Amino acid sequence: MDEPFDAVLFDRDGTLIRDVPYNGDPDRVTPMPGAREVLRALRARGLRTGVVSNQSGIGRGILAHEQVAAVNARVEELLGPFGTWQICPHHPDEGCACRKPAPGLVLAACEALDVRPERVVVVGDIGADVDAAAAAGASSVLVPTVVTLREEVDRAPRTAPDLRSAIGMIL
């Protein structure tokens with residue numbers, strides 16, 4: 001039987017790794033519980049994986065592109081390779097098309113992975129992740145954390161208590 005999805009896109013901070021605001025230090029990267037196992041299971045099933053992440057610290061002048069790249073490299077060192085990394089470096093006030101909840105990062109990831117948005121699921125921890133998926137025509141699973149707002153949980157089409165449960169829903 002075919003998988004319902006061809007690819008899974010993940011938010012980075014608060015979803016794949018513990019959220020350290022404006023982190024530019026690879027030594028501060030800690031995977032979320034279950035992240036390694038979840039990614040191993042997805043890759044073993046042949047699903048493509050990618051990361052879609054707002055990194056406004058660049059646009060705010062808090063982080064350099066090189067620092068974000070170093071953190072991303074550490075994520076891959078700990079969790080394995082991703083088929084694509086799509087990062088929005090813009091300040092929230094810039095009105096770009098890539099910053100979640102806009103669909104730009106999700107659509108760019110779909111193009112990079114050569115998958116149709118309707119065959120993709122986005123896993124994230126806040127409403128912007130869910131909204132970006134919907135705007136791109138993809139599915140989503142919200143994995144709430146302490147920063148997730150109650151109204152974001154209430155309006156998410158699918159929620160899971162943790163990454164393992166989210167992937168169970170996907171597979």
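The values are calculated or read from the model by the stated rules, or taken from the named source; none is laboratory data. Predicted, not measured: the structure shown is a model, and the values here were computed from it. Note that each Cβ is placed from the backbone with ideal geometry, even for glycine, and that neighbours are counted across all protein chains shown. Each accessible area value is taken on the protein alone, full model and side chains, heavy atoms only, with ligands, DNA and RNA left out. Shrake-Rupley method; radii C 1.70, N 1.55, O 1.52, S 1.80 Å.
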Original post:
Over the range 48-171, what is the relative contact order in whole percent, taking alpha-carbon pairs under 8 Å and six or more residues apart?
Top reply: 19 percent
Original post:
Roughly speaking, to the nearest percent, how much of the range 1-58's 1.4 Å accessible area is carbon and sulfur?
Top reply: 47 percent
Original post:
With no solvent and one point per C-alpha, what does the Debye sum give as log10 I(q)/I(0) for the range 1-84 at q = 0.26 Å⁻¹?
Top reply: -1.35
**OP:** Report the residue, chosen from P103, P26, P117, that carries the largest GNM mean-square fluctuation when the chain is represented by alpha-carbon nodes joined by springs under 10 Å.
**Re:** P26
Original post:
Cα-based Rg of the range 119-164 per 2.2 N^0.38 Å, rounded to two decimals?
Top reply: 1.01
Subject >> Cysteines without a disulfide-compatible neighbour (Cβ-Cβ under 4.7 Å), the chain >> reply: C96, C110
**OP:** Just subtract the alpha-carbon distance of E76 and R36 from 0.36 nm times their residue separation and send over the number in nm, one decimal.
**Re:** 13.4 nm
**OP:** With 5 Å bins from zero, work out the P(r) of the range 55-127 over every alpha carbon pair and list the percent per bin.
**Re:** 3, 14, 21, 24, 24, 11, 3, 0
Original post:
Label points 7 Å out from Cα along the Cβ direction at E111 and R28: separation in nm?
Top reply: 3.2 nm
Original post:
What are the radius of gyration and Dmax of the range 48-92, computed over its Cα atoms and given in Å?
Top reply: 10.9, 32
Subject >> Dmax and Rg, reported as Rg then Dmax, of the chain (C-alpha, Å) >> reply: 14.6, 48
